[in-house]
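A.B. asks: I have a structure here, written as C-alpha cells, and I will follow up with some questions on it.
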Amino acid sequence: MLLENLKIDPTDLPQLEARDFTPLEKDYLYFRITAWSLFYLMLSGVGAMLSLFGQVLFTFWLYPLLSLWVLMFIFERIGFKYRGYCIRSLDVSFRRGWLFHRLTTVPLNRVQHCEFNQGPLGRLFDLATVKVYTAGGNSSDLDIRGLRKEDAIKVRDHIMELSSRHA
Amino acid sequence: MPKLQLHQPQRQAPLGVIIMFFQNLRRAINFVLAVVVVNFGRDFSWLGMGYTEWGIIFAAFFLVYSFLQYRKFYFYVSGDNFVIERGVLKQEKINVPFGRIQSVNTKQNVIQRLLNLVGLKIDTAGSQQQEINIPALSKAYAKELRDYLMEKRYEHLEEAEESEEEISSSNVGQREPLLRLSIADLFKVGFTQNHLRSGLILFAIVNGYIWEFEEYLIKPFEPYLEETAQTFVGKGFILFPIGLLAFVIISVIASLITTVLRYYNFSFYLGSEGLDIESGLLNRNSYNVPYEKIQYFFWESNPLRRIIGYRTLKVKQAGSQAVNERKLIGIPGLKARALLRIIQMQYPDRKSGRYTYYRPHRLLFIQRLVWLALVPSLLLSTLLYFQDLDLIFYIPIPLFFALVVFLSYKYWRSIRIRVNAGYVEIQKGYVFPKRILVPNYKLQNLSLNQSFLQAWRGLKSFQFHTAAGTLSISHLPAEDSESLYNYLLFCIESSSEKWM
C-alpha cells in the first residue's frame, strides 16, 4: 500500500473550507422561486377547479397555499446562501441546505461520466446543470445546478479532462 | 478431455429435452392450477374430453415443444463474443462480449441433479436484466465451458488494460476448501437462525396462499370456523401460550429446513480469480465472485449464534442495490479464527498502521430513547387511560420502557468506527452485532449531512458511498467528521489501486 509508511499529520492535509466554495449565480434563486411558484400555481389550479365545480370552499385551500408560498420565499432566500460548489485539482464538491445541510465530494479519479444539461426553464434563465456520476449509486451522484451555460460547459470539460487523466 | 468446439454451434446435452419439458411444465402448472382448483371435485369436460384426455394432449404438446426448443438452442463463439441462439416461434440471438462477462455460475435443481446435468448462468455488466442461461450441460462440459469463459474474460480484460502485471495471487489457487460445513455445523447454523424472521416469513407465505385461494379454502368452512373462533376467544388465556409454543416450534423447524436446503454440503474456496462457493441440497448452486468485484465484507451474528461463537460473513459486490440483494452471498458458521483467517488472506495489511477511533455523540441515544421508548409508552398509556382499564394493564409499560432504554443505550455504546491508512471499520449493534470492513480505495465518494438539531449540538452525519451501497454513521462530532472527511478524501485521491 502506498500510504503505509507515511506519517500524516491531519493538520497538513488539504482542508475543505466553507470559504473555498463558489456561490451560484443569483439567477438560480429566481429560477427556483419561479419553479416553485409554477408548482403552487398548478396546485391552486386544481383547487380552483374543485371550488368552481365542486363543494370545496376557496378559503379551504387558498390560505394554506399562500402561506406555504410565502414560507418558500423565505426558505429559498436563506437557503441560497448555503449553496455552492468547489472544484479542486483532485475533487469536486457541492453543498446545499440551511436546516438540513449536505455536503458531497466526488474524487475525480472516481468519476464515471459527466454530463451537461439544460431544461426549458433553464434556457429561459440561461442556467444549466452539470451532473457528475460515480459508481456510488443514485443518492451519491453530484449535481451542480445553477451555472451559466458557458461556465457549465467549461466545468464539465474540466472535470472530464481531469478525471480521464486519473483513470 | 472433451473438446469444446465452440467455433461451430453446439447443442446442449440430449437429456436437456427433459429439463426443458419440466421447465415448460412448471410454467404451465402455475397457469393451470387456478382452473383446476376452481373445478376441484367437479367433473370437467370441454369438447367432449375430461381431465385425463386434456392432460395427455397438453403433455404431448409440451414434449414436442420442448424437443423443438432443444433443437433450436445453440451456443458458440464468434469473434470476441459468446453467442446463444434460441427460440421456436420467436428466434432470439444473445451476444455476450467476453469483456462484459462478470461471473459464470452453475446451478442444479432437483431434476438437473437427477439427470446429472448442470445449468450455466452468465452474469454480465449490463443494466438490462437479460437471462443468459444454458439449462442443460453435462458436468464436465459445463466446468470446461466455465473455465474457458472465465479465461477469455481475463484475457480480454488484460488486453483492455494493457497491464503487465499478471494476477499475482495464482499461488493461492488451492482446491482445498477453506470451509466445509459438516452435518453437525449445519444443524448448529439451523438452530441458531433468526427464528422470529423465518417464522414470520413462513407465516406471510402461508397467509398469502390462503387468501389467494380464499374462495375454496375458507368460504366452505366459514360457519364452522366462526363457531370455533367463539370458543377460542373464551379460552384465549390458555390458548395463547400454546399458540406461541406452536409458533416457536414451527419457526425452528422452518429455519432448520431452509438451512439444510440452502447450505447442505456447503464449501467455500479461495480460487485464483475469485471466491468460489458451492452449496445446496435440492438446488445445488455454485457462485463465483471475482476478487476485484468485491467491494467490502461484513460479518454479523445474533444472540443464539454468539453462544456458540458463530458468525456469518457476507460479501458485497459492485452493482445496483437490487442486484446486490440477490447477489449478497453469505458464508455461515464461521468461528472467529476461521473468519480472521479469511480476512487476513484478503487484506494482509489490515493490522498494520494505527487506527483512530470515533464514536457517536449521546444525542443518538437520546433520540432513540425519545422516539422508540418515550413516545410509544406515552401513546400506549393515553390509549389505556381512555379505555378506562385497571392499573394492572399498565404494568408492561414501564418494563417495555426500561427494556428499550437499555437496548438503546447498549446500541449507542456499540457503535464505533475506526480508520487507518488502509481501512475503515464500522462496528454496530448490540443484539445483532455487525462489523463492516471497507478498504479505503473502494470508497467512491463521501457526504456529510447536518440537520439543524445536529448543528445546534455541533454534530454531523457521515456517509460513505461505495459501489455496493451506502454506509452511514450519524452524530459524529463536527471536527472529527471534518478531519475524517479530509483524510479519507486524501486516501481516495492518492491511491492508484483500481476499485474494480
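Derivation of every value follows stated rules applied to the coordinates shown; laboratory data play no part. What you see is a predicted model; the values in this text were computed from it and never measured. Note: ideal-geometry Cβ built from the backbone for every residue, glycine included; neighbour counts use all protein chains shown.
A.B. asks: State the answer as a single residue: which of B:Leu145, B:Ile132, B:Phe365 lies farthest towards the positive end of the charge dipole of the protein assembly as shown, with beta carbon charges of +1 for Lys and Arg and -1 for Asp and Glu, about the Cα centre.
C.D. replies: B:Phe365
A.B. asks: Suppose every K and R has +1 on its Cβ and every D and E has -1 on its Cβ; what is the size of the dipole of the range A:1-134 about the Cα centre, in Debye to the nearest 20?
C.D. replies: Values: 14 positive and 11 negative charges, 53 e Å.
Value, rounded to 20: 260 debye.
A.B. asks: Something else about it: Divide by every residue of the protein assembly as shown the summed helix terms, -39500 (n - 2.57) for each DSSP H run of at least 4, and state the resulting mean residue ellipticity at 222 nm, rounded to the nearest 500 deg cm²/dmol.
C.D. replies: Numbers: 21 runs with 304 residues, N = 667.
Result for the protein assembly as shown: -15000 deg cm²/dmol, rounded to the nearest 500.
A.B. asks: Suppose R0 equals 30 Å. What FRET efficiency, 1/(1 + (r/R0)^6) with r the Cβ-Cβ distance, do B:Leu196 and B:Ile238 give to the nearest 0.05?
C.D. replies: Values: r = 23 Å, r/R0 = 0.78.
Efficiency, from the Cβ-Cβ distance: 0.80.
A.B. asks: I would also like to ask the following. At a Förster radius of 45 Å, what calculated FRET efficiency corresponds to the Cβ-Cβ distance of B:Ile29 and A:Asp151, to the nearest 0.05? Please report the intermediate quantities before stating the final value.
C.D. replies: Numbers: r = 62 Å, r/R0 = 1.38.
E between B:Ile29 and A:Asp151, to the nearest 0.05, is 0.15.
A.B. asks: Rounding to the nearest 20 debye, state how big the charge dipole of the protein assembly as shown is about its Cα centre with +1 on each Lys and Arg Cβ and -1 on each Asp and Glu Cβ.
C.D. replies: Details: 75 positive and 58 negative charges, 239 e Å.
Around 1140 debye, computed over the protein assembly as shown.
A.B. asks: Give me B:Glu176, B:Glu497 ranked fewest to most by other Cβ atoms within 10 Å of their Cβ, as a rough exposure proxy.
C.D. replies: On the way: B:Glu176 8, B:Glu497 11.
Ordered from fewest to most neighbouring Cβ atoms within 10 Å, B:Glu176, B:Glu497 come out as B:Glu176, B:Glu497.
A.B. asks: So, one more: Taking other Cβ within 10 Å of each residue's Cβ, how do B:Glu278, B:Glu85 sort, fewest first? Let's see the in-between values first.
C.D. replies: Working: B:Glu278 19, B:Glu85 14.
The fewest-first ordering by Cβ neighbours comes to B:Glu85, B:Glu278.
A.B. asks: While we're on this one: In what order do B:Met500, A:Met160 fall by count of nearby beta-carbon atoms within 10 Å, going from fewest to most? The partial results should precede the final answer.
C.D. replies: Details: B:Met500 13, A:Met160 17.
Ordered from fewest to most neighbouring Cβ atoms within 10 Å, B:Met500, A:Met160 come out as B:Met500, A:Met160.
A.B. asks: Rank A:Ile144, A:Pro64, A:His113 by how far each Cα sits towards the positive end of the charge dipole of chain A (+1 on Lys, Arg Cβ; -1 on Asp, Glu Cβ) and give me just the farthest.
C.D. replies: Selected residue: A:Pro64.
A.B. asks: Sticking with this one: Normalised by the number of residues in the range B:363-412, what is the relative contact order in percent for Cα pairs under 8 Å and 6+ residues apart? List each step's numbers first, then the result.
C.D. replies: Values: 24 pairs, mean separation 29.5, N = 50.
Reported as a whole number, the value is 59 percent.
A.B. asks: Roughly how crowded by other chains is peptide A:96-102, in terms of the mean Cβ count from those chains within 10 Å of each of its Cβ atoms? Please report the intermediate quantities before stating the final value.
C.D. replies: Values: counts 0, 4, 2, 5, 7, 8, 7.
Per-residue shielding by partner chains comes out at 5.
A.B. asks: For the range B:401-491, what does the alpha-carbon gyration tensor say about shape, rounded, prolate or oblate, given a ≥ b ≥ c as the root eigenvalues, a/c under 1.5 as rounded, and a/b over b/c as prolate?
C.D. replies: Working: a/c = 2.25, a/b = 1.34, b/c = 1.67.
Cα axes put the range B:401-491 in the oblate bin.
A.B. asks: How much length, in nm to one decimal, is gained on full extension between B:Thr228 and B:Ile183, taken as 0.36 nm per residue of separation minus their Cα-Cα distance? Each step should come with its number before you reach the end.
C.D. replies: Working: separation 45, 0.36 × 45 = 16.20 nm, distance 4.26 nm.
Full extension of this stretch gives 11.9 nm more.
A.B. asks: I need the calculated FRET efficiency for the pair B:Leu389 and A:Gln15, taking r as the beta carbon distance and R₀ as 51 Å, to the nearest 0.05.
C.D. replies: 0.30
A.B. asks: Is the C-alpha gyration tensor of the protein assembly as shown telling us rounded, prolate or oblate? Criteria: a/c under 1.5 is rounded; beyond that, a/b larger than b/c is prolate, otherwise oblate. Walk me through the intermediate numbers first.
C.D. replies: On the way: a/c = 1.43, a/b = 1.16, b/c = 1.23.
It comes out rounded by the Cα gyration axes.
A.B. asks: Could you work out the relative contact order of chain B, using alpha carbon pairs under 8 angstrom and six or more residues apart, expressed as a whole percent? Mind dumping the intermediate values first?
C.D. replies: Details: 709 pairs, mean separation 52.7, N = 500.
This gives 11 percent for chain B.
A.B. asks: Next question, about the same structure. Determine the relative contact order of chain A: mean sequence separation of Cα pairs under 8 Å and six or more apart, normalised by residue count, in whole percent. It would help to have the intermediate numbers written out before the result.
C.D. replies: Working: 202 pairs, mean separation 32.4, N = 167.
Over chain A, the number comes to 19 percent.
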